[in-house]
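A.B. asks: One structure coming up, written as structure tokens, with questions to follow.
The values are calculated or read from the model by the stated rules, or taken from the named source; none is laboratory data. The shown structure was predicted, so the numbers you read here are calculated from the model rather than taken from an experiment. Cβ sites come from the backbone with ideal geometry, for glycine too, and all protein chains shown count toward neighbours. What goes into the accessible areas is simple: the full protein's heavy atoms, side chains included, and nothing from ligands, DNA or RNA. Shrake-Rupley method; radii C 1.70, N 1.55, O 1.52, S 1.80 Å.
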Amino acid sequence: MRSVHQLFLLAFGCFSCILILSATGYTAEESTEAAPTATADDAGYLLRFKFEPNQKVSYKVTYEMTHTTRKGKTTETVSNLSTTMKHYLVKEVSEQGNGTLVSFIDSIKMKVQQR
């Protein structure tokens, strides 16, 4: 019988393999709504992307999680840490400023620790 930890690793490992092998294209939907205009009286900021064709944007995602499983008197704690390097390419930009993006996963480093 497999432990909860082994089943988690099996499921998460398969999911990660799928992510590594895939590059997914995303298309922004055309919008007819205008975004609200920021004024000097506003307490916040209105942030927007300004896409440019052939633009490459790289970023890093860090995910850290610890979970504890209890069954009867048995307790198992598992910690996971993954660091993913990603980037997207802007394929085209519409007149309204919506971009068609292609997303890539460049690398994933994963660490799992059972206590």
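A.B. asks: Taking segment 44-89 as the region of interest, how many residues are hydrophobic (A, V, I, L, M, F, W, C) and touching a residue at least 60 places away in the same chain (Cβ under 8 Å)? Give the steps one after another, and end with the answer.
C.D. replies: To start, the set of residues in segment 44-89 that are hydrophobic (A, V, I, L, M, F, W, C) comprises 46-47, 49, 51, 57, 61, 65, 78, 81, 85, 89.
From the residues that got through so far, the ones that are touching a residue at least 60 places away in the same chain (Cβ under 8 Å) too are 78.
Of the residues in segment 44-89, 1 are hydrophobic (A, V, I, L, M, F, W, C) and touching a residue at least 60 places away in the same chain (Cβ under 8 Å).
A.B. asks: Just give me the residues in segment 73-115 being open to solvent by less than 40 Å² (accessible area, probe 1.4 Å), among the polar types (S, T, N, Q) and assigned to a loop (DSSP other than H, G, I, E, B), in sequence order.
C.D. replies: Selection gives SER94, ASN98.
A.B. asks: Checking the conditions here, which among SER22, SER58, SER16 is among the small types (Gly, Ala, Ser), modelled with pLDDT of 60 or more and under 22 Å from the mean Cα position of the chain (by Cα)? Before you say what the answer is, go through the steps one by one.
C.D. replies: Numbers: SER22 fails: modelled with pLDDT of 60 or more; SER16 fails: modelled with pLDDT of 60 or more.
SER58 is the lone residue from the list that is among the small types (Gly, Ala, Ser), modelled with pLDDT of 60 or more and under 22 Å from the mean Cα position of the chain (by Cα).
A.B. asks: Still on this model: Among the residues of segment 47-68, write down those that are open to solvent by less than 60 Å² (accessible area, probe 1.4 Å) and among the hydrophobic types (A, V, I, L, M, F, W, C).
C.D. replies: Those that are open to solvent by less than 60 Å² (accessible area, probe 1.4 Å) and among the hydrophobic types (A, V, I, L, M, F, W, C): PHE51, VAL57, VAL61, MET65.
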